[in-house]
Amino acid sequence: MYTQSDETLMAGILERDARAFEALFDRYAEALHRHVCFMLHDEAAAHDIVQEALRRAEELFACVAGARQGFAEVTREWERLGASFRERNVSRSFNVLTRALRARHPGLVFASAAAAGEVDLLADVESRLLVGLPV
């Protein structure tokens with residue numbers, strides 16, 4: 001295991017040292033996985049995204065001389081994939097409902113959400129179930 005600083009490992013990566021690349025990724029893989037899992041609330045999807053990030057990083061490491069730009073590209077793509085996944089799989093009404101449940105005046109939360117076009121609360125299945133309306 002490498003005990004060098006991140007800067008030393010990055011210098012090794014720029015010199016195309018595969019062990020430095022593996023050490024740097026291993027150092028941050030678990031934290032990256034926890035962060036993605038926290039963002040997505042989906043363990044399997046987080047694992048898939050981290051593995052995809054590793055695969056793309058390895059491809060870039062093998063193909064691109066400027067590894068720093070490659071890592072930046074992988075990071076941007078990873079963030080785009082995570083945002084896309086959240087957008088497709090998280091109910092927008094849930095956020096409005098949880099804000100309303102915590103608010104002193106829930107009607108204002110619903111009104112501002114409707115005005116902002118966040119969600120049609122009565123048309124959303126999760127909203128109807130949460131407030132006890134038939135689906």
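Computed from the coordinates by the stated procedures, all read-outs in this text should not be read as laboratory data. As the structure is a computational prediction, the values presented were derived from the model and not from experiment. Using ideal geometry, Cβ is built from the backbone for each residue, glycine included, and neighbour counts are taken over all protein chains shown.
Summarising the label geometry, the points placed 7 Å from Cα in the beta-carbon direction at A115 and S84 lie 3.5 nm from one another.
One chain, two ends: H47 and Y28. Fully extended at 0.36 nm per residue, the span grows by 5.5 nm beyond their Cα-Cα distance. Computed from backbone phi, the HN-Hα couplings of region 10-19 come to 4, 4, x, 5, 5, 8, 6, 8, 4, 5 Hz, rounded to whole numbers (Karplus: 6.51 cos²θ - 1.76 cosθ + 1.60, θ = phi - 60°; Gly and Pro given as x).
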